[in-house]
Amino acid sequence: MCLLNDIDVYLQRTGVAETTFGRRAVNDPRLVRDLRRGRVPGPALCARVAAILSARAQ
């Protein structure tokens, strides 16, 4: 899953905890854990996470 890979790279680069990222991104501290366990994100969730990742990368 490309989204999860992008999140993992971001977490490693920034040192942000998984729960902190999920809470900041979509108000769900279990987001990353759930994605690792097979949660399939919808298009709205993907868009929100992608927007946060691209905004933080600049």
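Report the FRET efficiency, 1/(1 + (r/R0)^6), for residue 20 and residue 51, where r is their Cβ-Cβ distance and R0 is 30 Å, rounded to 0.05.
0.95
How much length, in nm to one decimal, is gained on full extension between residue 6 and residue 33, taken as 0.36 nm per residue of separation minus their Cα-Cα distance?
Gain in length upon complete extension: 8.3 nm.
Would you please report the Å³ per residue occupied by the convex hull of the alpha carbon atoms in the chain?
Numbers: hull volume 4.1 nm³, N = 58.
Considering the Cα atoms of the chain, their hull volume per residue is 70 Å³.
Bear in mind these aren't lab numbers, they're just calculated from the coordinates by the rules spelled out. Model, not experiment: these values are computed from the prediction. All Cβ positions, even for glycine, are placed from backbone atoms using ideal geometry, and neighbour counts span all protein chains on display.
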